[in-house]
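Q: Structure provided below as structure tokens; questions to follow.
The values are calculated or read from the model by the stated rules, or taken from the named source; none is laboratory data. Note that the coordinates shown come from a computational prediction; the quantities given were computed from them, not determined experimentally. Virtual Cβ from ideal backbone geometry, glycine too; neighbours counted across all protein chains shown. Areas reflect the complete protein model, heavy atoms only, side chains present, ligands, DNA and RNA absent. Shrake-Rupley method; radii C 1.70, N 1.55, O 1.52, S 1.80 Å.
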Amino acid sequence: MSIKIMADSASDLTKEYFTKYDMEMVSLTVHLDDKDYEDGITISPKNVFDAMRVGKSPKTSQVSPQTFKSIFTSYAESKQTLIYLAFSSELSGTYQTAKMMESEVKEEYPDADIHVIDTKCASIGYGLVVLHAAKMAQDGKSAAEIIEEVKNHSVNMEHIFTVDDLEYLYRGGRVSKTAAFVGSLLNIKPILHVEKGKLIPLEKMRGSKKLLGRMIEIMEERGGDFENQVIGISHGDDLERAEKLADMIKEKFGVKEFVIEFVGSAIGAHSGPGTLALFFLNKNYK
């Protein structure tokens, strides 16, 4: 039996990727206007960003325990190998819930070949790890080989991103009210990154003109061999700026392959419209 790769909707990969690589997807929940939606299935990122632009505050919740239990049980019963690559445990409780359900299912099915891995990644950074694993599974690699490479890929995946308005990160508890207020007043655009799965501010820039150039400088400082890797870009409903960033990177580094997608509904509900994120493997990746 082939190995099945599973990811959650915070990977920001569209349904087309899941179909192409025959992967399982589980959705986080987005709460908007007193309704619950399945991220990536019953709500689009555009819906979320448009709602935020008129002052609404969507909320999100993790994948339910029952969803994991049901999926893990079906793989245990069919004796098929399942590798679930999870959204960073520092940004969601989804990984912990999956680990609990893995333990429960393995009590009943001790031989179940189910693996739950914390990628410590988010958005297309996480998506690139998932796609790499899916290609390995298609190439017939073993579960041990895939898991080892996923861990190597995850730990060396850089996430460099900026948000248009610090207010959204403040609402999600990511920055202080003062920082959000001062940032808005002074038109400060923060550059953040993900370190060990957590969002960490890197630096602040006045205005957005120099922003893309600075993101590329950070990319050059941290990474290498760009022409031989897939570069990820995700955006909060600003494809034009995402494509401009891609063009600048292509020109500077000779990159051949990009994955450019919307920041999904679950992550976008916290980062807001105008988010721009860049993902690549750093110099430590072997």
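Q: Given Lys69, Lys56, which one is touching a residue at least 12 places away in the same chain (Cβ under 8 Å) and outside any helix (DSSP H, G or I)?
A: Exactly one residue qualifies, and that residue is Lys56.
Q: Counting just the residues of region 83-136 that are of a type in the set (Ser, Thr, Tyr) and in a loop (DSSP other than H, G, I, E, B), which one comes out most open to solvent (accessible area, probe 1.4 Å)?
A: Tyr109
Q: State the number of residues belonging to region 197-220 that are in contact (Cβ under 8 Å) with a residue 12 or more places away in the chain, in a strand (DSSP E or B) and under 23 Å from the mean Cα position of the chain (by Cα).
A: 6
Q: More than 27 Å from Val48 (Cα to Cα), at pLDDT below 95 and of a type outside the set (S, T, N, Q): which single residue out of Lys210, Lys204, Lys189 fits that description?
A: When all the criteria are applied, what remains is Lys210.
Q: Within 22 Å of Asp164 (Cβ to Cβ), in a helix (DSSP H, G or I), in contact with a Lys or Arg (Cβ under 9 Å, 6 or more places away or on another chain) and touching a residue at least 24 places away in the same chain (Cβ under 8 Å) - does that describe any residue in region 236-256? Full working, then the answer.
A: Taking region 236-256 as the starting set, the residues that turn out to be within 22 Å of Asp164 (Cβ to Cβ) are 236-249.
Subsequent filtering for residues that are in a helix (DSSP H, G or I) retains 239-249.
Okay, now just the ones that are also in contact with a Lys or Arg (Cβ under 9 Å, 6 or more places away or on another chain), so none.
No, there is no match, as no residue in region 236-256 is within 22 Å of Asp164 (Cβ to Cβ), in a helix (DSSP H, G or I), in contact with a Lys or Arg (Cβ under 9 Å, 6 or more places away or on another chain) and touching a residue at least 24 places away in the same chain (Cβ under 8 Å).
Q: Further question on the same structure: Among the residues that make up region 164-171, is at least one of them of a type in the set (Phe, Trp, Tyr), open to solvent by less than 30 Å² (accessible area, probe 1.4 Å) and either at pLDDT below 85 or over 22 Å from Ser27 (Cβ atoms) (or both)? Please lay out each step first, then the result.
A: Of all residues in region 164-171, those of a type in the set (Phe, Trp, Tyr) come to 168, 170.
Checking which are open to solvent by less than 30 Å² (accessible area, probe 1.4 Å) leaves us with 168.
Still in the list and also either at pLDDT below 85 or over 22 Å from Ser27 (Cβ atoms) (or both): 168.
Yes; the residues of region 164-171 include at least one that is of a type in the set (Phe, Trp, Tyr), open to solvent by less than 30 Å² (accessible area, probe 1.4 Å) and either at pLDDT below 85 or over 22 Å from Ser27 (Cβ atoms) (or both).
Q: OK, next. Just checking, does region 43-66 include any residue being under 26 Å from Ala143 (Cα atoms) and over 19 Å from the mean Cα position of the chain (by Cα)?
A: Yes.
Q: If you don't mind, there's one more thing I want to ask. Give me the pairs, please: first residue somewhere in region 100-128 and aromatic (Phe, Trp, Tyr), second residue anywhere and open to solvent by 70 Å² or more (accessible area, probe 1.4 Å), beta-carbon distance under 8 Å, and either six or more positions apart or on two chains.
A: Tyr109/Glu77
Q: All but one of (1) of a type outside the set (A, V, I, L, M, F, W, C); (2) farther than 15 Å from Ala134 by Cβ; (3) within 19 Å of the chain's Cα centre (by Cα); (4) modelled with pLDDT of 95 or more hold for Glu24; state the number of the condition that does not hold.
A: (2)
Q: Looking at region 3-26, which of its residues are open to solvent by 20 Å² or more (accessible area, probe 1.4 Å), hydroxyl-bearing (Ser, Thr, Tyr) and in contact with a helix residue (DSSP H, G or I) (Cβ under 6 Å, 6 or more places away or on another chain)?
A: Tyr21
Q: Hey, another quick one. Among the residues of region 43-61, are any within 30 Å of Asp111 (Cα to Cα) and either in contact with a His (Cβ under 9 Å, 6 or more places away or on another chain) or open to solvent by 60 Å² or more (accessible area, probe 1.4 Å) (or both)?
A: From region 43-61, those within 30 Å of Asp111 (Cα to Cα) are none; that's our starting set.
No, because not a single residue in region 43-61 is within 30 Å of Asp111 (Cα to Cα) and either in contact with a His (Cβ under 9 Å, 6 or more places away or on another chain) or open to solvent by 60 Å² or more (accessible area, probe 1.4 Å) (or both).
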